[in-house]
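**Student:** Provided herewith is a single structure, encoded as C-alpha cells, for subsequent inquiry.
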Amino acid sequence: MNFNRLKQNKKKLFVAAAIVWLLVCMLITPVFTTVTLTFAEDPAGEVITTVYAGPRNNISPSDARSRVVNSGVARISWLDFQYGSHCSLKRIDPVQQAYDGALTIEKLTVRKNGLPVISISGGELKNYFTGNEQTAFTDGADFAFTVTGEDPQLLPLDSFRSLYAHTSLAVRLLGFLFSGALILLLCFLIQKVLGYAKGGTPFQKASCLIFLLAVLGAVWMCVYTGLRSPFWLNPDEYDVKAAVLYYFHHFMPPDIRSDIINDSYPVYGTSRHFEFNLFYFYAGKIGQFFADPTVQIRLFSLILFCIMAGLVIRNMKRNYALLFVLLLTPQVWYIFSYSTSDALDFFMGFLCLYELIEENSMLNRLLREPFRKKHLLYYGVLSVLFLHIFWAKMTFYTVLMFLFLILLIRLFYQEKKNRGPLLKKYLILVGLTLGLFAIRYLITDFPYYGLNKMQVIIDVTNQKADYAYKYSTPAADAAYSMRFYEKGISLWDLLTKFDFHKNLFRTFAGFFGSYAFGEADWYYIVMGVLYILLLLRVLQRLWKQKKPIYRWETLAVSGTCLMQYVMIVANSWLVDFQPQGRYLLPILLFISYLISRIDHVWEDRVLRSILVCTSLLSLYAFWHVGIPNLVPDRVILP
C-alpha cells in the first residue's frame, strides 16, 4: 500500500469516512436519552426510580438505569442506540421499594440528544402505560397509584413504544455530529500522545496509550459516578449541598448565627459556612443555571477534574511528573466525583505544582525575567492562587510550606547579585496574598464578628451541636471518635490499637463512599509495594545526580510530608479521630515535584512501569468497587 498516496488524499478519505459514518448513524443512531418523571409531591425518603432499557427484547439486570428522586423529579439518562422500530425502554419502576401512600406522576418527558421528543402529562399517561399487580391505580383523572408490594412497575403499551421508536432526522444528525466529534477527539488525542513517544521504544508508545486511556477512563468514571451517585453515599455531602444552595440566591457569606442557614448544620454543630473556602460560592453560581440537583451541586467539581486531566494530557511529555498526581491512586478521582471543597483545594495545589515545574509558567517567568507590564497580571493571578490555599482546609497548608521551602532553596542557589531582586519579588507576592486575605475578611467577616470569629464559631457550635459534639461537653461524655487525648488515650495507643495506619493508607490508596467500600487486601498490598518502589527509585535517581539543590529539595519535601502526617495524627488525637487518606493527598504534589527534578525522567523504565501498574490498578479499583457501590443500579437502600 502506498502510504504517501494516502496522505495526499487524506481530505478525500476524511470526507468518505464522514459519509460512511453518516449512513451508519442514519441506520443505527447513537442517542443520549433522558427520561424525566415529575412527581406531584416529593416521595418521602431516599427513593430510587429505575428505567429498564436495553437492546434485547427481554429485560436483564444490566438494563437498569437508576436515579434518586430529588425535589420530586427523577431524571434518568443513558446512551442508547436507535434502529428501525425498536423501543429500548422496557419498564419503569417508579420506586424500588414498598411505599406507603399514593404516588402521582404529573409528567413524563423524553429527550434524545438534547431534543424534547415526548411529553405526556397527567391522566394522558394512562393511554401509554399500565401497571403490574403491585401497582394499583386510583380513580380520577390523574396518573395516581398506590404501591401494594416491593416491586411496582409501569409497563409501556404499544402506543408508547411506537411513539418512543420514532426518531426524527434532527436527532439522527445530532447523533452523527456528537459521536463523530468524540471519535475525532479520541483520534486527535491518540495521535498527539503517540507523537510524544515518536522515536521512542515500543514500551514508551504502549505506556503512553495506557496513560491516555487511564486519564480518559478516570474522567469518564468520575463524570459517570458524579452524575448518578446518591448524595447519602458520600461523606458530608448533604452539608455541602446546603452551603452550595445558599449561593444560588446570595453573593455574600451569611452570618453563621443566622436562621437562614439552619439546614447547613449537622449533628456536629459545624457548618461549611464557617470556612473561608470559595468552593461553595463557585459551585452555587455555576449550578444555579441547571435543573438537575446532582448537576447543580457537582458540576463545578467535574469541571475542575476535566481541566486537570486536560493539563495532564497536554503536558504528558513536557511535564511528565503531572501524570503521577493523577494516576497513583483513584482516591484523587473520587474526591472530584462528588461535592467537596477538597476538590478545589487539591486543584489549586495542582496549579501551584504546575507553576513550579513548568519552565514558562507565570511564576517562573515572573521570577526569572526583568519587570514587564504583564508581570502586574502575573502578580495578581499568583496572589489569588496562593490565597485559595490560605482559604483551604488546614491539611492543605502544607502546600504553602512546600512552596516556601522550595522557593527559599532556589533563592539561596542564585548568584548573590540576583538574590536581592528575587527576594523583593517573593515579598511582593507574600504581601499581595496577605493583603487580599485581609481585604476579604474586612468585607465578608469583620462586619459580622469583628476580630472574634473563632469565639463566635465555638459559641454557635455549642448551640447547634448534639450534646456529644459540643465543646462544652466533658470529654468522658463526648462522642466515641472525639478528643482521644482528653479521654486519656495515649499517642502510642492511638497509633497502634485503632488501626490508624491501616485506615489511613487504605483510604489513600482507594476507598469509596463514606469509607465503606474498599478493595480486597491484595490490592492494598500491591499498591503499597509499588509506592515503596516509587519512593526508592526517586531517591536513588536524585542522589545519583549529585546536585546539592536537589538534595536540599528532597529534604524539604521529606519534612513537608512528615508535617502532613503529624497534622493528621494531631487532629485524630486532639480533635476527631479521622485517619482519612484524603488528608494525605497533598503528598502526591510533593513527590511529583521531586520526580520532575529527575534528569531524563521520560526515559526511566522503572518509574514508567510503576505508573503503568498504578494506573491499571486504579482503574480496576474504581470500576470494580467504586462504581458498583456508588451508582444506584446496584446500591442497596439503607
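The values are calculated or read from the model by the stated rules, or taken from the named source; none is laboratory data. Just so we're clear, the structure is a prediction, and the values are computed from it rather than from any experiment. For neighbour counting, all protein chains shown are included, and Cβ atoms are generated from backbone atoms with ideal geometry for every residue, glycine included. Ligands, DNA and RNA are excluded from the accessible area calculation, which covers all protein heavy atoms including side chains. Shrake-Rupley method; radii C 1.70, N 1.55, O 1.52, S 1.80 Å.
Here is a yes/no grid of residues against (1) within 22 Å of VAL399 (Cβ to Cβ); (2) charged (D, E, K, R); (3) at pLDDT below 95; (4) open to solvent by 40 Å² or more (accessible area, probe 1.4 Å):
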position: ALA475; (1), (2), (3), (4): no, no, yes, no
position: ALA520; (1), (2), (3), (4): no, no, yes, yes
position: ILE525; (1), (2), (3), (4): no, no, no, yes
position: LEU535; (1), (2), (3), (4): yes, no, no, yes
position: LEU539; (1), (2), (3), (4): yes, no, no, yes
position: TRP552; (1), (2), (3), (4): yes, no, no, yes
position: ALA556; (1), (2), (3), (4): yes, no, no, no
position: LEU562; (1), (2), (3), (4): yes, no, no, yes
position: VAL566; (1), (2), (3), (4): yes, no, no, yes
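**Student:** Suppose we filter region 314-327 for residues that are at pLDDT 95 or above and open to solvent by 10 Å² or more (accessible area, probe 1.4 Å); how many remain?
**Tutor:** Counting residues in region 314-327 that are at pLDDT 95 or above and open to solvent by 10 Å² or more (accessible area, probe 1.4 Å) gives 0.
**Student:** Among the residues of region 483-503, are any of a type in the set (A, V, I, L, M) and buried (at least 19 other Cβ atoms within 10 Å of the Cβ)?
**Tutor:** No, region 483-503 has no match at all.
**Student:** Hey, can you tell me all the residues within region 163-192 that are within 30 Å of THR614 (Cβ to Cβ) and surrounded by 14 or more Cβ atoms within 10 Å (Cβ to Cβ)?
**Tutor:** LEU189, ILE190, LYS192
**Student:** Could you list, in sequence order, all residues of region 288-305 that are out of contact with any Phe, Trp or Tyr (no Cβ under 7 Å at 6 or more places or on another chain) and more than 11 Å from GLY226 (Cβ to Cβ)?
**Tutor:** Let us first name the residues in region 288-305 that are out of contact with any Phe, Trp or Tyr (no Cβ under 7 Å at 6 or more places or on another chain), namely 289-295, 297, 303.
Those that are out of contact with any Phe, Trp or Tyr (no Cβ under 7 Å at 6 or more places or on another chain) and more than 11 Å from GLY226 (Cβ to Cβ): PHE289, PHE290, ALA291, ASP292, PRO293.
**Student:** Just the residues that are outside any loop (DSSP other than H, G, I, E, B), touching a Lys or Arg at 6+ places or on another chain (Cβ under 9 Å) and more than 30 Å from LEU245 (Cα to Cα), please, taken from region 323-361.
**Tutor:** ILE357
**Student:** Go over the candidates TRP333, TRP391 one by one and state the one that is in contact with a Cys (Cβ under 6 Å, 6 or more places away or on another chain), in contact (Cβ under 8 Å) with a residue 40 or more places away in the chain and either at negative phi or not β-branched (Val, Ile, Thr) (or both). Talk me through it step by step, then tell me what you get.
**Tutor:** Values: TRP391 fails: in contact with a Cys (Cβ under 6 Å, 6 or more places away or on another chain).
Being in contact with a Cys (Cβ under 6 Å, 6 or more places away or on another chain), in contact (Cβ under 8 Å) with a residue 40 or more places away in the chain and either at negative phi or not β-branched (Val, Ile, Thr) (or both) holds for just one of TRP333, TRP391, which is TRP333.
**Student:** Within region 447-457, can you find the residues that are surrounded by 14 or more Cβ atoms within 10 Å (Cβ to Cβ) and either over 30 Å from the mean Cα position of the chain (by Cα) or polar (S, T, N, Q) (or both)?
**Tutor:** Selection gives TYR448, TYR449, LYS453, VAL456.
**Student:** If you don't mind, another one. Being farther than 23 Å from TYR593 by Cα, of a type outside the set (Lys, Arg), open to solvent by less than 70 Å² (accessible area, probe 1.4 Å) and over 32 Å from the mean Cα position of the chain (by Cα), is that true of even one residue in region 401-416?
**Tutor:** No, there is no match, as no residue in region 401-416 is farther than 23 Å from TYR593 by Cα, of a type outside the set (Lys, Arg), open to solvent by less than 70 Å² (accessible area, probe 1.4 Å) and over 32 Å from the mean Cα position of the chain (by Cα).
**Student:** Give, as residue ranges, the helices (runs of 4 or more DSSP H) completely inside region 568-633 that count at least 2 residues that are surrounded by 21 or more Cβ atoms within 10 Å (Cβ to Cβ) and in contact with a Cys (Cβ under 8 Å, 6 or more places away or on another chain).
**Tutor:** Correct list: 586-596.
**Student:** Of everything in region 193-215 that's part of a helix (DSSP H, G or I) and without any contact (Cβ under 8 Å) to a residue 60 or more places away in the chain, which residue is surrounded by the fewest Cβ atoms within 10 Å (Cβ to Cβ)?
**Tutor:** Among those residues, the one meeting the criterion is PRO202.
**Student:** Next question, about the same structure. Within region 531-547, identify whether any single residue is part of a loop (DSSP other than H, G, I, E, B), touching a Phe, Trp or Tyr at 6+ places or on another chain (Cβ under 8 Å), of a type in the set (Lys, Arg) and without any contact (Cβ under 8 Å) to a residue 60 or more places away in the chain, and answer yes or no.
**Tutor:** No.
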